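Q: What follows is a structure written as structure tokens; I'll ask about it next.
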Amino acid sequence: MSFRITYSVLNADMSALHKELDGVFVKVKGALGKEHPSYIGAKAVTGSAWLDDFNPADRRVLLGRFALASSKDVDAAFDHAHRAQKDWARRPWQERVRLINKAADLISERRQELAAIMVLETGKNRLEALGDVEEAADLFRYYAQQMENEKGFVKPLAKLSPNEDTRSVLKPWGVFVVVAPFNFPMALAAGMASAALLGGNTVILKPSEETPWTGNKLYEVLRDAGLPDGVFQLVHGGRELGAALTTHAKADGVVFTGSKHVGMQLLRQAASGVYPKPCFVEMGGKNPAIICASADLDKAVTGCMRSAFGLSGQKCSALSRAYVHESLHDEFLNRLILKTQTLKIGDPVLQETFIGPVINAKSVERYAQAAAEAKRDGKVLFGGATLEKSPGLEHGHFVAPTIVSVPRGHRLEREELFLPFMIVAPFKTLDEAIARANDCDYGLTGGVFSADKAEVERFMDELEAGVLYSNRETGATTGAWPGVQAFCGWKGSGASGKGGCGPYYVSQFMREQSQTRMG
Ligand code: NAD
């Protein structure tokens, strides 16, 4: 393969890749409907209750049954994690780096199988799934490199007398609970977990209840790379299990990626204990793009379409608001609609599919509600219908990509929908566009299309969001990559101020100790 799969691949010859994937799908589909464990200590554990994992593209297909963890399992997992943590932290950091790099290589080796499972489990298309898998491997490598660059985060400090030796040493917090969302089930779980592990913490992962199979595959990768027993454990369940883990007295830290609603709850919870514990939350987005009068319209239309409708709008970085200079508004809208009409909606297993299903019935309900509100209060410019009557889509959670206009400040302009649903609105001045883009509780990503460097610089200076792009055809607001774009949520999009994929991420998973030795 002469190119690298990221979220920004356009126009590469992928025929060989697709051919190989065709065969892998046959194999993976032969393994559907089986029972899978949670992993506690080094043991595969099954109880009496199961989490059933269905294909969102065809609800009739049971992908697998996953063992739900009980409260006894949770207690046992914390005991194992604490026992394993001391030895894990005492090992030289170089060994942790070696094991995480080995796991990265295993992910790359297994990428086709991992991507095929993810397509079936999330409904994301083939390339999005391969991107997610490759991102996971690159996150492992990038975070491992951070340990190397910082020599394990031990730094000599200044002396006040000749016979003293003082160092700043970063040390693990202990046992981290990792709670992951459904939309990047490999990359986000892997990214959060690997940073914690490299820092010498042990990890209990709860994958999303929508993506337990990918969770088990990540467990297998880390186990096969040779992580010691109890260092990385995995438990299956939903909201209740997440609450049991994150409020557990033996949790030393929590790292979460998911919705603002849950993230804010975890932050409040973290502040209510007997002493503070780290709680890193990365949350949602309501991401704007500004298309200026000088913009290259082709680039702007492609970039906006890809960011709004890729992964059915279920990216935290998805574009949901396009503010277009009034001189271009109608032309932009016409071209955007024409381009959106050409998108292939269907079973994501098929090579030609761009838009798969949304994740579940709740998302379809949320979509129907949003479309009804847009009809009532504004205008539906394209789409607006659920697709349960479309031939071939009857059994899945399919909805049409949708473009609407609504009055300024409407709920649909302010709240994250996490659907293929975007607003287009005209503006007269850049001041007005920037103010409208910032008039939102979220601050994750943003994009600008302009041929005027001064306009681009104003956007970069004034947008209240952690990840900014200009003139990006492959994705106006989406497509961050480890070591390339640090992914930091501002305002209601995140609380740590240090982004995943970025240079300061790993150090958060350790606390500082100053050591002064007198000679
Ligand atoms: P979600 O908040 O519903 O669930 C995320 C995880 O939290 C799941 O594992 C869930 O079981 C668990 N959970 C739910 N309630 C809990 C509770 N009370 N206590 C502990 N855990 C609980 O989110 P989702 O639908 O899986 O994912 C979509 C959301 O994630 C969107 O808002 C999206 O923008 C956001 N997201 C953010 C980023 C980022 O980097 N900022 C990346 C991806 C997704």
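The values are calculated or read from the model by the stated rules, or taken from the named source; none is laboratory data. Every value quoted in this text rests on a predicted model; they were computed, and no experiment measured them. Here the Cβ is made from the backbone with ideal geometry for all residues, glycine too, and neighbour counts use every protein chain on show. Side chains included, ligands, DNA and RNA excluded: accessible areas come from the protein's heavy atoms. Shrake-Rupley method; radii C 1.70, N 1.55, O 1.52, S 1.80 Å.
Q: Going by the structure shown, is Ser208 small (Gly, Ala, Ser), in a loop (DSSP other than H, G, I, E, B) and in the same structural domain as Phe54 (by TED's automatic domain parsing)?
A: yes
Q: Scan the range 46-56 and tell me whether some residue there is under 26 Å from Gly174 (Cβ atoms), outside the structural domain of Val399 (by TED's automatic domain parsing) and among the polar types (S, T, N, Q).
A: no
Q: Pick out the one residue from Gln265, Gln269 that is open to solvent by 10 Å² or more (accessible area, probe 1.4 Å) and closer than 27 Å to Arg321 by Cβ.
A: Gln265
Q: Looking at the range 260-289, which of the residues that are more than 20 Å from the chain's Cα centre (by Cα) and of a type in the set (D, E, K, R) is nearest to the ligand (Cβ to nearest atom)?
A: Checked the range 260-289; the qualifying residue nearest to the ligand (Cβ to nearest atom) is Arg268.
Q: Another question, then. Inside the range 480-519, can you point out the residues that are open to solvent by less than 40 Å² (accessible area, probe 1.4 Å), of a type outside the set (S, T, N, Q) and not in a loop (DSSP other than H, G, I, E, B)?
A: Result: Gly494, Gly500, Val506, Phe509, Met510.
Q: Give all pairs with beta carbons closer than 6 Å in which a residue from the range 311-326 that is modelled with pLDDT of 95 or more meets a residue that is open to solvent by less than 10 Å² (accessible area, probe 1.4 Å) and of a type in the set (D, E, K, R); count only pairs at least 6 apart in sequence or on separate chains.
A: From the range 311-326, the pairs are Leu311/Lys124; Ser320/Lys286.
Q: Within the range 355-381, can you find the residues that are more than 21 Å from Phe182 (Cα to Cα) and either in the same structural domain as Val119 (by TED's automatic domain parsing) or basic (Lys, Arg) (or both)?
A: Lys375, Arg376, Lys379
Q: Also, quick follow-up: Looking at the range 291-346, which of the residues that are surrounded by 22 or more Cβ atoms within 10 Å (Cβ to Cβ) and charged (D, E, K, R) is nearest to the ligand (Cβ to nearest atom)?
A: That would be Lys315.
Q: Yes or no: the range 171-180 includes at least one residue that is more than 22 Å from Cys316 (Cβ to Cβ) and open to solvent by less than 10 Å² (accessible area, probe 1.4 Å).
A: Step one: of the range 171-180, the residues more than 22 Å from Cys316 (Cβ to Cβ) are 171-175.
In the following step, the residues that additionally are open to solvent by less than 10 Å² (accessible area, probe 1.4 Å) were identified as 174-175.
Scanning the range 171-180 turns up at least one residue that is more than 22 Å from Cys316 (Cβ to Cβ) and open to solvent by less than 10 Å² (accessible area, probe 1.4 Å).
Q: Picking from Val74, Val28, which residue would you name as being β-branched (Val, Ile, Thr), outside the structural domain of His395 (by TED's automatic domain parsing) and either closer than 17 Å to Gly237 by Cβ or open to solvent by 40 Å² or more (accessible area, probe 1.4 Å) (or both)? Let's see the steps before the verdict.
A: Values: Val28 fails: either closer than 17 Å to Gly237 by Cβ or open to solvent by 40 Å² or more (accessible area, probe 1.4 Å) (or both).
After applying the criteria, what remains is Val74.
Q: Go through (1) open to solvent by 10 Å² or more (accessible area, probe 1.4 Å); (2) of a type outside the set (Val, Ile, Thr); (3) within 16 Å of the ligand (Cβ to nearest atom) and name the single condition Lys159 misses.
A: Single failed check for Lys159: (3).
Q: Restricting to the range 236-253, and then to whatever is of a type in the set (A, V, I, L, M) and closer than 17 Å to His80 by Cα, can you tell me which residue is farthest from the ligand (Cβ to nearest atom)?
A: Ala249
Q: Still on this model: Are any residues in the range 486-519 of a type outside the set (A, V, I, L, M, F, W, C), more than 18 Å from the chain's Cα centre (by Cα) and under 17 Å from Phe256 (Cβ atoms), and if so, which ones?
A: Residue satisfying the conditions is Gln508 alone.
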